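Okay, structure first, notes after.
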Amino acid sequence: MSAKLTNEEITRRGFLGWGFAVLAGMVSFAIFVLSTLRMPLPSLLPGKSGRFRIGRKADFPPGTARYFEEEQTYVFADTDGVFAISAVCTHLGCIVGKEERQFVCPCHGSYYDLSGKVKSGPAPKNLQWFKIVKTPGGRLVVERSKRVAPGTKYLV
Amino acid sequence: MKQERETSAPGSAIGQYLSNLKQLPGNLRRSMIRHGAAETSRARAQAVFSNIFLHVHSVKVHRFSLRWSYTFGLGVMSAGAFFILSLTGLLLMLYYEPSTQNAYSSMKDIIYIVPSGRLVRNVHRWGAHIMVICVFLHMARVFYTGSYKRGREFNWLVGLVLLVLTLALSFTGYLLPWDQLAYWAVTIGTNIASSPQEVTDALGLTDQIDVGALMRHLLIGSDQIGNNALVRFYFLHCIFLPMLLVMFVAVHIWRVRKDGGLSRPDDIGPELLEGIPKDAMAEKTFAQKSVKTYSLVAVVKGSHPENSGAPEDTIDAMPHAFVREFAAFMLILAVAVVLSYFSDAPLKEPANPSVPENPAKAPWYFLGLQELVGYSAFMGGIGIPTIALIGLGLIPYLDRDRNGIGIWFENQQGRSVAFVSSIFSFVTCVAILALTVNFGWLRNWYPDVPQIVITFVNPGTLLVGVFAAWSLLTIKKFDSIRIGAIALFTCFFVAFIILTYFATVHRGPNWQFYWWPSLWPGH
Ligand code: HEM
Ligand code: FES
């Protein structure tokens with residue numbers, strides 16, 4: 001048995017030749033597999049850009065409460081300033097509804113106070129606050145991609 | 001095997017040609033089906049193993065396996081429901097369009113314009129319900145008869161894969177109509193994929209490794225359920241998952257054959273075989289000795305087709321098992337069609353990403369989970385289901401006792417433990433549900449309790465803990481792992497039913513408790 005094996009000696013040249021082919025094959029296969037595995041993961045998430053205009057400062061006198069349905073964002077104004085709170089429940093992404101003094105999520109009954117703080121229910125986090133900026137033209141813009149600490153208002 | 005007839009050639013090629021033409025039908029049939037009429041045991045066996053579709057099935061089955069009250073035909077019915085779903089699904093695919101623009105209107109077309117479209121859709125929907133029920137009950141029968149033992153451990157795992165695939169098929173199908181129900185149930189469902197954030201947030205790791213977002217993006221290809229999600233779900237539902245399921249079902253049934261047929265008790269008294277046909281063909285086979293036997297080598301050792309019926313009390317699968325399997329299939333078909341005439345599958349308003357359906361309920365078999373998700377997204381949606389699956393998978397590897405196979409609940413002890421455990425589970429579930437409905441949970445008592453505490457200490461995890469303790473106690477008390485497994489399985493099964501019932505009937509708008517759906521506001 002062992003004699004037979006040594007008969008089929010592997011020459012260096014043979015090894016280099018075959019070895020190179022096999023190695024090249026394995027490397028390209030690995031690269032191919034790795035890159036195709038990447039494919040189902042989108043690099044650019046399709047969806048809206050995070051910014052939307054809400055109007056001028058004068059449109060938001062203290063006491064205003066408006067809901068931007070497309071953007072799923074509430075915009076409020078009080079004497080301190082204007083602020084934007086996400087309507088997307090932090091539990092599993094339903095849209096919370098606003099009641100007199102709280103937000104309620106219809107899906108599993110999370111309750112938040114009007115500053116977005118969780119009061120009860122399964123929501124793990126408070127509602128997101130979004131940054132508000134002013135364009136050079138004097139319009140207010142909500143940046144949904146920029147999160148700010150609760151209580152951060154666009155000062156009047 | 002009949003030989004092709006040597007034709008006495010009438011000399012000329014043209015004569016040969018005509019004579020071959022005349023024999024075409026017979027030769028065509030013989031080239032297709034090699035065995036003779038299914039009159040001998042051997043021909044019957046050939047009918048099974050020379051057919052690529054039938055050959056995964058055993059050629060012979062034990063007479064005990066034909067007892068209706070042993071299997072209730074549930075495995076076959078699951079497969080039958082899948083077959084119905086495949087056919088009706090193909091028909092629906094002729095008209096359905098997987099785009100957010102057209103999905104909903106193509107569903108409307110199927111219901112109101114396409115001839116028989118409504119019926120086909122209904123059968124598809126009812127078929128799905130039936131399949132899920134059958135698969136669950138089939139698993140329960142396999143468990144309670146101890147049929148995961150003696151070489152069947154692996155097939156139990158294959159079965160678990162089938163369970164997951166069945167649920168995944170239903171879930172992906174649920175999105176396709178693109179109505180309010182679909183949109184919001186699937187929004188919730190896919191957000192569960194990102195719920196590991198509940199844990200990574202608490203550990204402050206979300207910025208480094210956001211497993212949750214990764215899984216969610218992989219699943220829906222976007223940040224929100226939209227066209228990408230619809231196309232992905234369509235692909236999963238119509239191509240990927242059915243293909244996987246077919247492969248695993250083939251393995252599953254092949255393994256039933258390879259594992260020595262269905263499980264059965266060690267001593268089978270004649271009373272257990274009453275009314276089940278005997279192998280009447282045994283002697284007849286002996287009488288026919290003349291034909292060649294080499295094609296039988298794979299089935300029977302020796303040079304003659306010996307088939308005396310003894311020592312195993314078996315019987316030809318063709319026709320005895322097949323007739324019964326066909327009957328089970330027809331029963332399932334009949335139930336699906338009758339239900340479909342009387343009750344339509346729902347279609348709500350078109351999906352509206354701005355206004356959730358209230359309440360937004362998942363399909364019924366996920367409602368138990370939705371109730372748990374209402375305590376903690378991560379534990380309810382990922383943690384507890386994973387624990388349950390791992391627990392189920394471990395059963396055959398922890399209970400290695402060779403006894404207790406083939407008998408429902410094994411013995412009197414098993415029966416009473418199953419009974420007591422179902423009462424125990426019922427009482428525990430009702431108590432915990434009543435507690436949370438009336439008094440809320442940690443956050444209502446201590447408003448500043450950290451989320452991570454709620455994630456790991458909530459009514460759902462409490463139930464799991466209580467059940468685990470209960471089954472450990474049972475193992476200790478009865479000094480039997482099998483009895484402990486019966487206790488645990490029963491607890492989970494009953495809890496699943498109760499949570500499903502509770503979320504179906506008693507949860508209304510804002511997921512609040514109502515005694516009855518007719519009391520919902522707005523009714
Ligand atoms: C798509 C889903 C499934 C299909 C189509 C299916 C089909 C079948 C069929 C036709 C049988 C033959 C016996 C009978 O009818 O009871 C069988 C047996 C079996 N099934 Fe399944 N099954 C499915 C899911 C499952 C699940 C969820 C489990 C458990 C986790 C499971 C575990 C087993 C085992 C261990 C056997 C052998 C039972 C015995 O030897 O008595 N199967 N299955
Ligand atoms: S999604 Fe809001 S409570 Fe579940």
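May I ask you to verify whether A:Tyr67 is within 14 Å of another protein chain (Cβ to nearest Cβ), touching a strand residue (DSSP E or B) at 6+ places or on another chain (Cβ under 9 Å) and closer than 26 Å to B:Ala229 by Cβ? Write out each step before concluding.
Values: within 14 Å of another protein chain (Cβ to nearest Cβ): yes; touching a strand residue (DSSP E or B) at 6+ places or on another chain (Cβ under 9 Å): yes; closer than 26 Å to B:Ala229 by Cβ: yes.
The answer is yes for A:Tyr67.
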#### Entry: In segment B:504-518, the residues that are among the small types (Gly, Ala, Ser) and not in a helix (DSSP H, G or I)
B:Gly508
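Does segment A:88-97 contain any residue that is away from chain B (no Cβ under 11 Å) and either over 30 Å from B:Pro459 (Cα atoms) or buried (at least 20 other Cβ atoms within 10 Å of the Cβ) (or both)? Walk me through how you get there before you give the answer.
Looking only at segment A:88-97, we keep the residues that are away from chain B (no Cβ under 11 Å), and these are none.
Checking segment A:88-97: not a single residue is away from chain B (no Cβ under 11 Å) and either over 30 Å from B:Pro459 (Cα atoms) or buried (at least 20 other Cβ atoms within 10 Å of the Cβ) (or both).
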#### Entry: Index of the failed condition, A:Glu100 passing every other in (1) within 9 Å of another protein chain (Cβ to nearest Cβ); (2) part of a loop (DSSP other than H, G, I, E, B)
(1)
### Query
Which one is nearest to the other protein chains (Cβ to nearest Cβ), of the residues in segment B:174-188 that are open to solvent by 20 Å² or more (accessible area, probe 1.4 Å) and in a helix (DSSP H, G or I)?
B:Leu181
### Query
Taking A:Gly55, is it on the phi > 0 side of the Ramachandran plot, touching a strand residue (DSSP E or B) at 6+ places or on another chain (Cβ under 7 Å), in a strand (DSSP E or B) and away from ligand 1 (no atom under 16 Å from the Cβ)?
yes
### Query
Restricting attention to segment A:72-86, and to residues there that are part of a loop (DSSP other than H, G, I, E, B) and more than 9 Å from chain B (Cβ to nearest Cβ), which single residue is farthest from ligand 2 (Cβ to nearest atom)?
A:Thr79
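With the condition kept exactly as written, say whether any residue in segment B:54-65 is surrounded by fewer than 18 Cβ atoms within 10 Å (Cβ to Cβ), within 29 Å of the chain's Cα centre (by Cα) and modelled with pLDDT under 95.
Of segment B:54-65, the ones surrounded by fewer than 18 Cβ atoms within 10 Å (Cβ to Cβ) are B:54-55.
Now restrict to residues that are within 29 Å of the chain's Cα centre (by Cα): B:54-55.
Of the ones still in play, those that are also modelled with pLDDT under 95 are B:54-55.
Looking through segment B:54-65, at least one residue is surrounded by fewer than 18 Cβ atoms within 10 Å (Cβ to Cβ), within 29 Å of the chain's Cα centre (by Cα) and modelled with pLDDT under 95.
Just to verify a result, which residue in segment B:155-173, among those that are more than 6 Å from ligand 1 (Cβ to nearest atom) and of a type in the set (A, V, I, L, M), is nearest to the other protein chains (Cβ to nearest Cβ)? If you could, list the steps in order and put the result at the bottom.
We begin by selecting, within segment B:155-173, every residue more than 6 Å from ligand 1 (Cβ to nearest atom); these are B:157-158, B:161, B:164-165, B:167-173.
Now restrict to residues that are of a type in the set (A, V, I, L, M): B:157-158, B:161, B:164-165, B:167-169.
Values: B:Leu157: 25, B:Val158: 26, B:Val161: 21, B:Val164: 19, B:Leu165: 19, B:Leu167: 18, B:Ala168: 16, B:Leu169: 19 Å.
Once the filter is applied, the top-ranked residue is B:Ala168.
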### Query
Across segment B:203-217, what is the total count of residues that are more than 30 Å from the chain's Cα centre (by Cα) and more than 11 Å from chain A (Cβ to nearest Cβ)?
7
### Query
How many residues are aliphatic (A, V, I, L, M), within 13 Å of ligand 2 (Cβ to nearest atom) and either within 11 Å of chain B (Cβ to nearest Cβ) or surrounded by fewer than 22 Cβ atoms within 10 Å (Cβ to Cβ) (or both) if we restrict to segment A:103-138?
3
### Query
Within the set of pairs 6+ apart or on separate chains, which have a first residue in segment B:218-231 that is under 14 Å from B:Trp184 (Cα atoms) and at the interface with chain A (Cβ under 8 Å from one of its Cβ atoms), a second that is assigned to a loop (DSSP other than H, G, I, E, B) and hydroxyl-bearing (Ser, Thr, Tyr), and C-beta atoms under 7 Å apart?
B:Gly226/B:Thr100
### Query
Which condition number does B:Phe424 fail, the rest of (1) assigned to a helix (DSSP H, G or I); (2) more than 16 Å from ligand 1 (Cβ to nearest atom); (3) open to solvent by less than 30 Å² (accessible area, probe 1.4 Å) being met?
(3)
### Query
Within segment B:473-493, how many residues turn out to be of a type in the set (Ser, Thr, Tyr) and either part of a helix (DSSP H, G or I) or not assigned by TED's automatic domain parsing to the domain that holds B:Glu410 (or both)?
2
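The values are calculated or read from the model by the stated rules, or taken from the named source; none is laboratory data. Please read these numbers as outputs of a predicted model, since none were measured by experiment. Reconstructed Cβ throughout: ideal geometry from the backbone, glycine too, with neighbour counts over all protein chains shown. Heavy atoms of the whole protein, side chains included, go into the accessibility calculation; ligands, DNA and RNA do not. Shrake-Rupley method; radii C 1.70, N 1.55, O 1.52, S 1.80 Å.
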